[in-house]
Every structure is written in structure tokens, then in C-alpha cells.
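Following: one structure in C-alpha cells, then a few remarks.
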Amino acid sequence: MLNRSLHLFLSFLFLFSSGLPDILFSREKILEYKSTIEVEIDGTLDVTEEITVFAEGRQIKRGIFRDFPTKYKDKVGNYFKVDFQVKEVLRDGFLEPYTVQNKSNGKSVRIGNNNIFLRPGRHTYTLKYQTNRQIGFFKDFDELYFNAIGHGWNFSIDKIEATLILPGNAEI
């Protein structure tokens with residue numbers, strides 16, 4: 001019995017010294033994700049995303065990234081590409097450095113400075129960008145095909161809000 005208790009204790013000690021609790025008890029997450037999508041009369045989208053994170057320096061060390069697909073295939077198999085242009089990037093209301101990298105299916109915006117670690121806590125990133133060709137114009141209807149929060153997040157997201165602003169006399 002003593003041998004089994006010692007074995008359980010050592011196993012427990014190994015788990016807690018191996019970094020597993022950091023993963024299990026990490027509170028790093030996206031606290032709030034707000035997307036405001038403004039549709040221009042020509043179909044261009046002006047998008048503002050406010051991404052509030054809680055950073056502990058585990059995965060969110062220097063900043064965050066946001067991936068954007070820019071290459072699509074439509075229902076009949078045609079390939080097309082959308083434009084994507086970053087207009088502004090802020091962290092906690094101040095300009096933040098960023099880079100845009102090419103990916104096989106689009107772009108990745110890397111937000112933050114490689115030489116500076118974030119202080120742990122709450123940070124709000126604001127990403128403003130413009131994209132086009134996200135609206136399909138059909139005979140009987142128009143369709144907005146756009147993922148308002150992206151994909152590939154390694155964190156839970158506590159709250160999501162998306163606001164769509166249509167041009168002038170547009171009807172839903």
C-alpha cells in the first residue's frame with residue numbers, strides 16, 4: 001500500500017513539474033471579439049475587429065496573429081481571389097507594429113513586436129482592413145460570404161459580436 005501511494009505521489013509530482021498544469025489551468029483566452037463590417041455601395045467591405053485577449057505569456061507572448069483566406073473556389077469550381085489591405089493596427093489604443101505574410105490560401109497578419117514581450121493581462125487589439133469580392137450578386141438575391149471571426153484560434157472566445165452596416169437604401 002505504501003509503495004502504491006508513493007507511486008501515485010511521484011506520478012502526481014511529475015505531472016505538476018512537467019508544465020501540464022500550465023496548460024490545464026491557463027486562463028489565456030479571447031475575452032471579446034467584436035467585428036464591424038461596413039458594406040460599401042461597390043461591394044467593398046471596411047472591417048474593424050476589436051479582439052480583447054487575456055495574455056499570460058504562454059502562447060500570447062508578443063502579440064497575436066489573424067489569418068485571412070484570399071483564395072476561394074465557388075460552387076461551380078471557379079477559382080477567384082479577393083483583395084486584402086490592412087489600414088490600421090492598434091494595441092490598447094496605440095499604433096502597433098505588424099507584418100503581413102503570404103500563406104498558401106491567403107494572408108497572415110502578425111501583430112506585435114518580436115523584441116518585446118507583452119505584460120500579462122488584458123489587451124485589446126484593433127485591426128482595420130479592407131477586402132472586396134466577398135459579396136455574390138445573384139438574380140434574386142445578394143449574398144455576403146464572410147467569416148467574421150476567422151479561424152485557427154487556439155483559444156476559447158468568451159463573447160462574440162458582429163455588426164453589419166449596409167449602404168444607404170439597402171434592404172435585408
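Per-residue answers, yes or no, for (1) modelled with pLDDT of 90 or more; (2) under 16 Å from Gly63 (Cα atoms):
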site: Thr99; (1), (2): yes, yes
site: Gly106; (1), (2): yes, no
site: Gly150; (1), (2): no, no
site: Thr163; (1), (2): yes, no
site: Leu166; (1), (2): yes, no
site: Glu171; (1), (2): no, no
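For the range 32-114, please list each of the strands (runs of 3 or more DSSP E) lying entirely inside it that holds at least 2 residues being open to solvent by less than 40 Å² (accessible area, probe 1.4 Å). Even if it seems obvious, please write down each step before you answer.
Working: elements: 45-55, 63-69, 71-73, 79-81, 84-91, 98-103, 106-112.
Counting at least 2 such residues, we get 45-55, 63-69, 84-91, 106-112.
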I need a count of the residues in the range 69-87 that are under 30 Å from Pro97 (Cα atoms) and of a type in the set (D, E, K, R).
4
Of all residues making up the range 107-159, the number that are over 14 Å from the mean Cα position of the chain (by Cα) and over 13 Å from Glu50 (Cβ atoms):
25
Tally the residues that are among the small types (Gly, Ala, Ser) and either under 16 Å from the mean Cα position of the chain (by Cα) or closer than 12 Å to Gln130 by Cα (or both), restricting the search to the range 63-92.
1
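The values are calculated or read from the model by the stated rules, or taken from the named source; none is laboratory data. Quantities reported herein were computed from a predicted structural model and do not represent experimental measurements. Methodologically, a virtual Cβ is constructed for each residue, glycine included, from the backbone with ideal geometry; neighbour enumeration extends over all protein chains shown. To get the accessible areas, we keep the full protein, side chains included, count just its heavy atoms, and leave off ligands, DNA and RNA. Shrake-Rupley method; radii C 1.70, N 1.55, O 1.52, S 1.80 Å.
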